[in-house]
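Novice: This is the structure I have questions about; it appears just below.
The values are calculated or read from the model by the stated rules, or taken from the named source; none is laboratory data. What you are looking at is a predicted structure, and each value in this text was computed from that prediction instead of being measured. Cβ placement follows ideal geometry from the backbone for every residue including glycine, while neighbour counts extend to all protein chains displayed.
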Amino acid sequence: MANKGNNYDFRPVTLKDLPMIAGWLRESHVAAWWDDPDKEIAEIREHIDSVSVEPLIVELDGRPIAYLQSYDPHMEDDHPYADQPFGTLGIDLSIGPPELVGFGHGSAIVRQFAEELFEEGAPRVIIDPHPGNGRAIRAYEKAGFRPIGRRHSQYGEVVLMAVDAAEDDENLGD
C-alpha cells in the first residue's frame, strides 16, 4: 500500500529497461490505454536521446514499478497543448506490475514528481488520461490535478488535467 512515507526514485530509461517496459505494456491494465507495445517501445527508444521527452523508470525501494515520461508541449510543432503557459510540462504514467495497481502508487508518484517539477521552476504540470480511464482520473484528482477540459490528441479524446505551482501547497500532498 502506498503511503505518504513512500519516496519514489526517478531514473532515466536505458536500453536495458526496454524489455521490462514492453512486458508492462502487454499487461491488460496498461494495454487498454497505450498503443501497440512494439510501436510504443520504438518511440520510447527514440525518447532516450530526445530533448523534448524524458522517459523515466520509477523505483520504490530499488524495485522498478512504473514507467513515467515528461514532455514539453512547446517543443513540438502543432502540439495540442501548446496553448498551456510557457514552462508547462506534461507527464504520462503507467504502473507496471499488476499487483501494484489500486494501492495509491499512481497518485503518490504523480504528486511527488509534480512537486519536483515545481521545485525546478515549472509553473504547471498537465496529464491527459482517456475519459474512460476513471481509475487514473481519480488518482490524478487525489494528487491535486483538476480537469481543465477535453482535448483531442494523437491518441484520441483525453481529459486534460492540470495542477499549478501556485496551488502546490493547497492541493498536493493532502
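Novice: Looking at Asp9, Asp35 in this structure, which one is surrounded by 12 or more Cβ atoms within 10 Å (Cβ to Cβ) and over 21 Å from Val110 (Cα atoms)? I'd like the intermediate steps shown before the answer.
Specialist: Details: Asp9 fails: over 21 Å from Val110 (Cα atoms).
Asp35 is the lone residue from the list that is surrounded by 12 or more Cβ atoms within 10 Å (Cβ to Cβ) and over 21 Å from Val110 (Cα atoms).
Novice: Residues of region 48-69 being surrounded by 14 or more Cβ atoms within 10 Å (Cβ to Cβ) and either hydroxyl-bearing (Ser, Thr, Tyr) or assigned to a helix (DSSP H, G or I) (or both), which ones? Quick ask: steps written out before the conclusion?
Specialist: First, the residues of region 48-69 that are surrounded by 14 or more Cβ atoms within 10 Å (Cβ to Cβ): 48, 50, 53-60, 64-69.
Once the filter is applied, which keeps residues that are surrounded by 14 or more Cβ atoms within 10 Å (Cβ to Cβ) and either hydroxyl-bearing (Ser, Thr, Tyr) or assigned to a helix (DSSP H, G or I) (or both), region 48-69 yields Ser50, Tyr67.
Novice: So, one more: Conditions: (1) small (Gly, Ala, Ser); (2) more than 23 Å from Val158 (Cβ to Cβ); (3) touching a helix residue (DSSP H, G or I) at 6+ places or on another chain (Cβ under 6 Å). Ser52 meets all but one. Number of the miss?
Specialist: The number of the failed condition is (2).
Novice: Just to be sure, is Arg45 surrounded by fewer than 17 Cβ atoms within 10 Å (Cβ to Cβ), among the basic types (Lys, Arg) and assigned to a strand (DSSP E or B)? First the steps, then the outcome.
Specialist: Details: surrounded by fewer than 17 Cβ atoms within 10 Å (Cβ to Cβ): yes; among the basic types (Lys, Arg): yes; assigned to a strand (DSSP E or B): no.
Here the answer is no, as Arg45 does not meet what is asked.
Novice: On to the next question. Among the residues of region 70-100, write down those that are farther than 18 Å from Val30 by Cβ, among the aliphatic types (A, V, I, L, M) and surrounded by 20 or more Cβ atoms within 10 Å (Cβ to Cβ).
Specialist: Answer for region 70-100, where residues must be farther than 18 Å from Val30 by Cβ, among the aliphatic types (A, V, I, L, M) and surrounded by 20 or more Cβ atoms within 10 Å (Cβ to Cβ): just Leu89.
Novice: Considering Phe103, Phe113, which residue is among the hydrophobic types (A, V, I, L, M, F, W, C), in a loop (DSSP other than H, G, I, E, B) and either modelled with pLDDT of 90 or more or surrounded by fewer than 20 Cβ atoms within 10 Å (Cβ to Cβ) (or both)? Quick ask: steps written out before the conclusion?
Specialist: Details: Phe113 fails: in a loop (DSSP other than H, G, I, E, B).
Exactly one residue qualifies, and that residue is Phe103.
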